[in-house]
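The values are calculated or read from the model by the stated rules, or taken from the named source; none is laboratory data. Since we're looking at a predicted model, the values are computed, not measured. All Cβ positions, even for glycine, are placed from backbone atoms using ideal geometry, and neighbour counts span all protein chains on display.
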Amino acid sequence: MIQRIQTLYLFIVVILSVVTFFIPTGSFYDTTTLKLYDMTFTGVFLHSNMQNPENISSAVMSVWGLSVLTAVIPAIAFASIFLYKKRVLQARFNVFNILLMVGYYVLLFLYIWIGKQKLHADVFFWNIPSSFQLINIILTALAIRGILKDEALVRSLDRLR
């Protein structure tokens, strides 16, 4: 049944994960050269000058691991919405998705550490989308709780028959 509350949770997970495609996760700042680098899901780019917007630079550093996870996490959450008839499988998909979200943060911290060394950046500024995966972990855990509650209800009704 698609009108369950866990479907709403999973749909919000999909929306928040898709938003991370369009907004940079954070920025590196090198205080010696005064350069600002934006970290998106496709790579780390030198921040373009606002007076010269056609100055689009190529990626300074690749973050392909984050690219893969940023694409896979909403796909699994979206596929999980339509597994409502197989609640145990739906719960397992969501547990796997939580593991991927934790892996996202591990890779994010790894890329930040590598980026600070490679770009000689002193500071990393967090943007709002960097917290979306944490919100997604909480929403997915709430969805798992609702799925398992529905499964317990169905099993209790099977005992009455």
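Collect the residues in the stretch 83-106 that are surrounded by fewer than 14 Cβ atoms within 10 Å (Cβ to Cβ) and in contact (Cβ under 8 Å) with a residue 40 or more places away in the chain, keeping them in residue-number order.
Scanning the stretch 83-106 gives Val88, Val95.
For the stretch 123-155, give me each residue that is within 19 Å of Phe28 (Cβ to Cβ) and outside any strand (DSSP E or B). Reasoning before the result, please.
So in the stretch 123-155, the residues within 19 Å of Phe28 (Cβ to Cβ) come out as 123-131.
Within the stretch 123-155, Asn127, Ile128, Pro129, Ser130, Ser131 meet the criteria.
May I ask you to list the residues in the stretch 7-33 that are closer than 25 Å to Val123 by Cα, touching a Leu at 6+ places or on another chain (Cβ under 8 Å) and crowded, with 19+ Cβ neighbours inside 10 Å?
Within the stretch 7-33, Thr25, Phe28 meet the criteria.
Restricting attention to the stretch 1-29, which residues are hydrophobic (A, V, I, L, M, F, W, C) and part of a helix (DSSP H, G or I)? Full working, then the answer.
Step one: of the stretch 1-29, the residues hydrophobic (A, V, I, L, M, F, W, C) are 1-2, 5, 8, 10-16, 18-19, 21-23, 28.
Selection gives Ile5, Leu8, Leu10, Phe11, Ile12, Val13, Val14, Ile15, Leu16, Val18, Val19.
Determine, yes or no, whether Ile135 is modelled with pLDDT of 95 or more and either surrounded by 13 or more Cβ atoms within 10 Å (Cβ to Cβ) or not aromatic (Phe, Trp, Tyr) (or both).
Numbers: modelled with pLDDT of 95 or more: yes; either surrounded by 13 or more Cβ atoms within 10 Å (Cβ to Cβ) or not aromatic (Phe, Trp, Tyr) (or both): yes.
In short, yes.
Could you please give the count of residues in the stretch 106-122 that are of a type in the set (A, V, I, L, M) and part of a loop (DSSP other than H, G, I, E, B)?
Residues in the stretch 106-122 being of a type in the set (A, V, I, L, M) and part of a loop (DSSP other than H, G, I, E, B): 2 in total.
State all residues of the stretch 125-161 that are among the polar types (S, T, N, Q) and in contact with a helix residue (DSSP H, G or I) (Cβ under 8 Å, 6 or more places away or on another chain); if no residue qualifies, say none.
Start the filter on the stretch 125-161 by keeping residues that are among the polar types (S, T, N, Q), which leaves 127, 130-131, 133, 136, 140, 156.
Of everything in the stretch 125-161, those that are among the polar types (S, T, N, Q) and in contact with a helix residue (DSSP H, G or I) (Cβ under 8 Å, 6 or more places away or on another chain) turn out to be Ser130, Gln133, Asn136, Thr140.
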